1. Between ASP190 and ARG72, what is 0.36 nm times their sequence separation minus the Cα-Cα distance? Round to one decimal in nm.
2. To the nearest 0.05, how large is the calculated FRET efficiency for TYR113 and ARG211 if R₀ is 41 Å and r is the Cβ-Cβ distance?
3. Can you pull the Kirkwood radius for the stretch 95-150, inverse mean 1/r over Cα pairs, to one decimal in Å?
4. To the nearest 0.05, how large is the calculated FRET efficiency for THR140 and ARG61 if R₀ is 41 Å and r is the Cβ-Cβ distance?
5. What nm distance separates the two modelled labels at MET174 and VAL19, each placed 7 Å from Cα along Cα→Cβ?
6. Lys/Arg Cβ at +1, Asp/Glu Cβ at -1, dipole of the chain taken about the Cα centre: which of GLY111, ILE201, GLN179 is farthest positive-ward?
7. Taking the highest mean first, how do the peptides 163-171, 229-237, 5-13 order by number of other beta carbon atoms within 10 angstrom per residue?
8. Considering the options ASN124, THR140, ASN163, tell which one lies farthest towards the positive end of the dipole of the stretch 113-170, charges being +1 on Lys and Arg and -1 on Asp and Glu at the Cβ, about the Cα centre.
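What follows is calculated from the coordinates using simple rules that are stated; it is not laboratory data. Predicted model, so just to flag it, every value in this text is computed and none were measured. Note that we place each Cβ from the backbone using ideal geometry, even for glycine, and neighbour counts take in every protein chain shown.
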Amino acid sequence: TTPAPVLTVNGIEVIYNHVILVLKGVSLQLAEGQIAAILGGNGAGKTTTLRAISNLLKGERGEVTKGSIELRGERIENLTPADLVKRGVVQVMEGRHCFAHLTIEENLLTGAYTRTDKGEIAANLEKVYTYFPRLKTRRTSQAAYTSGGEQQMCAIGRALMANPSVVLLDEPSMGLAPQIVEEVFEIVKDLNQKEKVSFLIAEQNTNMALRYANYGYIMESGRIVMDGKADDLRNNEDVKEFYLGMG
Ligand code: ATP
C-alpha cells in the first residue's frame, strides 16, 4: 500500500504573462517518504510544475489560475517561498545556482538562513558532510572552482540545511557525466531512506530517474500523459520507445 500523500497537486493551470497557457490541468501526488519523478522533454512543463508548488512563478511573470496545491492536506498556494521553507518544502533549482564566489561551506550555510540555533546548524552541516563526503573535502574551495557534480551536490546540500521534509529537485542530471549523475542519485536514495526526505524530481533522463523513483509522471505540452509505478513505466513498450533514449 502507498503511504498518504505529502503533496497533492489538483488540476493546476499556469499562465505566463497573462496570456501563455503552459500547464493545462496538471494533477499529481507525492507519497510521504517516497521519490516521484516528473518526466518529459524540453518545454513539457516540468520546471513550471515545481515552481508552481514552491510559489516561485511570480518572478517569471507566471501564476496559477486554476486548481489547488496541498501539503499534508493543507492548502499552500498562498504561502510565500520563505513560509514553504519553514514548513519543510525546499526547491533545488535547475542549473545548480551556487554562489560562485563563496566557498562550499559558505554556500551550505546560506541554506540555514531561516534557522537561528547555532548548535543545530553545526550539527546539520556535519550531517550534510556525511552524505556528501566530497563536499567536506572541498569545504574551503570557492564554488566557482569545483566540478559540476560538486556544484550540484552543493545545491542539494544547501537545500538540506533548511531541514526539509520535501525536496523539489529540478533536473539534477543536467550537464553531468553519467557516472556523476548516478553518484548524485545514490545520495538522494540514501537521504530518502535514512532521513525520510520525500523527493519530487523533474528529469529528462527518464532511464536514470525511473531507476530511483517509486512513481513516475510523464508530461507533454503541459499535461500529464501517463503515470504509473516506476517499474511498470520502465517496462512499458511506449515508454521504452519514446522516452528511455532521452536524457
Ligand atoms: P526544461 O527541461 O527545458 O526546463 P520543462 O519541462 O521544465 O523544460 P518549462 O520550463 O516548465 O518546461 O516550460 C514549459 C513551457 O513554458 C515552455 O514552452 C516554455 O517556453 C514556457 N515558459 C517557461 N517559462 C516562461 C516564462 N517565464 N514566460 C513565458 N513562457 C515560459
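1. Value of the extension gain: 40.2 nm.
2. 0.75
3. 11.6
4. Details: r = 39 Å, r/R0 = 0.96.
Between THR140 and ARG61 the formula returns 0.55.
5. Distance between label points: 2.7 nm.
6. The listed residue farthest towards the positive side: GLY111.
7. Per-residue Cβ counts within 10 Å, averaged per peptide and sorted highest first, yield 163-171, 5-13, 229-237.
8. THR140
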